[in-house]
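Following: one structure in structure tokens, then a few remarks.
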Amino acid sequence: MADRVTVIGWDGSPLTAAAHSALGAATLVAGAAHHLALPEVPAGAERIRLGSVSLAARRITGHRGTAVVIADGDPAFFGVVRTLRAAEFGLEVEVVPAVSSVAAAFARAGMPWDDAQVVVAHRRTLRRAVNVCRAHTKVAVLTSPGAGPAELGLLLEGVHRTFVICEELGTEREQVTVVTSDKAADHTWRDPNVVIVIGAAVAAAEDGGWIAGRDPAAGPRGWTLPAEAYGGLMGEGELEPLRTAQLGRLGPRVGDLVWDIGCGSGAFAVDAARSGAAVIAVDRDPRACERAEAGARAFGLQLQVVRGSAPHVLENLPEPDVVRVGGGGAEVVTAVADRRPQRVVAHATTRDEAELLGRELTEHGYLVECALLQSVELDTRAWTERERSVAFLLSAVLPDRPQ
């Protein structure tokens, strides 16, 4: 194992005294081509071109001498330090950090970033990164080849965002470009790059907030809110007890895309968006679409509303993770199951309808549960019955997909 391993962050500025000292003693240096070309790299040191960090870590583990790894920005922030410290390698490292590429990107844009979400996009995580961009007003995306600005723009179709694209930060070829998301696919972008994705402006706390990223305490408490919070006038399938049960079964989370089909007042769509998930609310009634948009604005949420009749309108929507079917019957449930979301919830007013929906989901490979939910709201001033609701709740889980 190497006698000493130092990880040096590089942001294009002159190396620090600590970095100079570590490089001067190095017998092995690993880094990208532009790192290995630095004049401070000793001529006699073994050089490893970083492709796979895991392969480099194995080489370093077997090296007898002093090793240095050079990485862009802060190597402890979505960087090589995590891999080098993995238990399979057993490497203890010293870190000389530099300004992270995310911090540099926001500096170039002249924007604060304590309220930003930060995600990594590669081929495996691109869809989830895009969902975060759908759901949040300020996101920094650390891209990779095949999962860059063009791909982000293509997958955000139907959602307007502003991209601040920072290419090759810290080098002589550094360039910062501002484009709308629909124009990003019209260009070829140089790697490495960072994309700042900006949605509609939301008023920030005067003191700058207290936690990085999205404030989990923003908005009122509770998974779901009463009808009054959404202007009242809700359908039978939107009453708070049923919405609470549906939300609990779906469990939307950051990085997910939720479909709310037959969104009605928009209450469930807003409830789901408050969890941090991206939401597409679908309804054929223009008044329902307007109410959903109004509810999202009232809570400062990003929500995409699509007007149209299911199941036909669903054909061009991006792939969902979880779906609430608020209307449309077996035809819509079948169309949803064909898209293979992880979880589906639906409700029925009769047992026969519940059996029909349950059979459709079962035939598509889902594990289905059904419960009869009855709620009675009491007026506590006189302890008299105010409202009664009865519904069959169906919840379905696809066992062959990660939950």
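The values are calculated or read from the model by the stated rules, or taken from the named source; none is laboratory data. Worth saying up front: this structure is predicted, and the values here are computed from it rather than measured. Heads up, the Cβs are rebuilt from the backbone with ideal geometry, glycines too, and the neighbour counts pull from every protein chain shown. All accessible areas refer to the heavy atoms of the entire protein, side chains included, with ligands and DNA or RNA removed. Shrake-Rupley method; radii C 1.70, N 1.55, O 1.52, S 1.80 Å.
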Query raised in the report: Taking the Cβ-Cβ separation of Val176 and Glu385 as r and a Förster radius of 41 Å, what is the calculated FRET efficiency to the nearest 0.05?
Result: 0.05
Report summary line: Treating only Lys and Arg (+1) and Asp and Glu (-1) as charged, each at its beta carbon, one finds that region 315-379 has a dipole about its Cα centre, in Debye to the nearest 20, of 180
Report summary line: Long-range alpha-carbon pairs in region 213-362, meaning those over 20 Å apart, account in percent for 43
Query - Estimated [θ] at 222 nm from DSSP helical runs (n ≥ 4, -39500 (n - 2.57)) normalised by residues in the chain, nearest 500 - result: -7500 deg cm²/dmol
Report summary line: In Å², rounded to a whole number, the accessible area per residue of region 101-260 with probe 1.4 Å is 50
Query raised in the report: Bin by bin, in steps of 5 Å, what percent of the Cα pairs in region 1-109 do you find, going until the bin that has the longest distance?
Result: 2, 13, 26, 26, 19, 9, 3, 1, 0
Report summary line: Rounded to a whole number, the Stokes-Einstein D of region 5-44 in µm²/s (Kirkwood radius over Cα pairs; 4 °C; 1.567 mPa s) is 124
Query raised in the report: If eta is 0.692 mPa s and T is 37 °C, what Stokes-Einstein diffusion coefficient results for the chain, Kirkwood Rh from Cα pairs, in µm²/s?
Result: 138
Query raised in the report: Got a number for carbon plus sulfur as a percent of the chain's accessible area, 1.4 Å probe?
Result: 52
Requested in this report: Only residues of region 387-403 count here: report those whose backbone N is under 13 Å from the spot 7 Å along Cα→Cβ of Glu319, or say none.
Outcome: 401-402
Report summary line: Per residue, the convex hull enclosing the alpha carbons of region 102-174 has a volume in Å³ of 88
Report task. With +1 on each Lys and Arg Cβ and -1 on each Asp and Glu Cβ, and nothing else charged, work out how big the dipole of region 218-325 is about its Cα centre, in Debye to the nearest 20. Result -> 200
Report summary line: Expressed in square angstrom to the nearest 10, the accessible area of Trp113 with a 1.4 Å probe stands at 90
Query raised in the report: Charges only on Cβ, +1 for Lys and Arg, -1 for Asp and Glu: so what's the dipole of the chain about the Cα centre, in debye to the nearest 20?
Result: 780
Report task. Using the Kirkwood radius over Cα pairs, work out the Stokes-Einstein diffusion coefficient for region 350-403 at 10 °C and 1.306 mPa s, in µm²/s as a whole number. Result -> 120
**Report entry** C-alpha long axis of helix 329-338 to longest principal axis of the chain, angle in °
**Finding:** 20
Report summary line: Check: C-alpha center region 56-115 vs C-alpha center region 18-33, spacing in Å is 14
Query raised in the report: Taking the Cα centre of region 56-194 as the origin and placing charges on Cβ (Lys, Arg +1; Asp, Glu -1), which of Ser181, Pro149, Ala129 is farthest toward the positive end of the dipole?
Result: Ala129
Report task. Express the relative contact order of the chain as a whole percentage, based on alpha carbon pairs under 8 Å and six or more residues apart in sequence. Result -> 11
